[in-house]
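First comes the structure, then the notes that go with it.
The values are calculated or read from the model by the stated rules, or taken from the named source; none is laboratory data. Note that the coordinates shown come from a computational prediction; the quantities given were computed from them, not determined experimentally. Every residue, glycine as well, gets a Cβ built from its backbone with ideal geometry; the counts of neighbours run over all protein chains shown. Protein only, heavy atoms only, side chains kept; ligands, DNA and RNA dropped before computing areas. Shrake-Rupley method; radii C 1.70, N 1.55, O 1.52, S 1.80 Å.
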Amino acid sequence: MNIQTNDIGHVIQLSIAPVFLLTGVATKLTVLMNRLARIIDRTRDLKIELRKGPDPECSEELEVLYLRWRLINYAITSSTGCGFL
């Protein structure tokens with residue numbers, strides 16, 4: 001068996017590359033989960049304010065937060081699929 005130094009380096013490179021990819025996906029998922037937590041916190045605060053009385057600004061902000069919530073859920077699903085693949 002004749003193995004050269006270049007071949008060993010290439011094998012190590014191929015074996016480590018998926019680790020870096022999964023680390024990047026995991027970091028992205030962490031960021032998305034933190035943003036989702038902030039959206040949930042703000043939504044709870046706005047719902048408490050809406051119980052005090054109707055406020056059109058709170059209603060508009062809730063609609064924007066619901067849109068962001070859906071988009072982040074899509075991003076989390078896509079990132080999880082990326083990690084599995």
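What is the residue count in the range 60-85 for residues that are out of contact with any helix residue (DSSP H, G or I) (no Cβ under 7 Å at 6 or more places or on another chain) and among the small types (Gly, Ala, Ser)?
2
Name the pairs whose Cβ atoms lie under 7 Å apart, with the first residue in the range 10-35 and touching a residue at least 24 places away in the same chain (Cβ under 8 Å), the second of a type in the set (A, V, I, L, M) and part of a helix (DSSP H, G or I), and 6 or more positions between them or separate chains?
Short answer, once both residue conditions are applied: Leu29/Ile76; Leu32/Ile72; Leu32/Ala75; Leu32/Ile76; Arg35/Ile72.
Just give me the residues in the range 40-85 being in contact (Cβ under 8 Å) with a residue 24 or more places away in the chain and open to solvent by 90 Å² or more (accessible area, probe 1.4 Å), in sequence order.
Once the filter is applied, which keeps residues that are in contact (Cβ under 8 Å) with a residue 24 or more places away in the chain and open to solvent by 90 Å² or more (accessible area, probe 1.4 Å), the range 40-85 yields Arg68, Trp69.
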